[in-house]
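In what follows, a single structure is set out as structure tokens and then discussed.
Bear in mind that the values in this text are calculations on the coordinates, not laboratory data. Just so we're clear, the structure is a prediction, and the values are computed from it rather than from any experiment. FYI the Cβ positions are ideal-geometry reconstructions off the backbone, even for glycines, and counts take in every protein chain you see.
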């Protein structure tokens, strides 16, 4: 009788562990489904190459799998993933020996081409040039200003989420984003782009 109870208790523990693993797998699957674009965009913001960003996104989710036992303790999964993605991308960038800051005269094209929306060719060209200049200027910002700006503006994260992702205080994030925007505004004015506040 006692032996039978031990077997039943052991089966209950195993089925509970299996249920826990199943729940954890579902939680990870939900994270991937809901936040894979965010993870990719963060990686791309650092690495600037599609394949590298895909690899970094994949590595991010591998790390999530590795530390999935901590998933239940995570307050904000989006912020947690953003922090992991940012660190993975920055580490990859360091390993490949590239500094994400590039000279302003880099001839690369902007992130996205501006589709024609009924504007004239001159207006479309000016808008495209402005986008290219903004992208170059963002990439030329110091890392401590660029990271908060990219995460808050381009990735649409709140200052609290950015602070958590970068291990900064929220006030520091707000200050750095403000300073980065001021630098961009000054540089755009120097380049002849009329900028309104």
Sorted by Cβ neighbour density within 10 Å, fewest at the top, the residues 153, 60: 153, 60
Neighbour-count ranking [beta-carbon atoms within 10 angstrom, fewest first] of 75, 186, 161: 75, 186, 161
Residues 193, 51, sorted so that the one with the fewest Cβ neighbours within 10 Å comes first: 51, 193
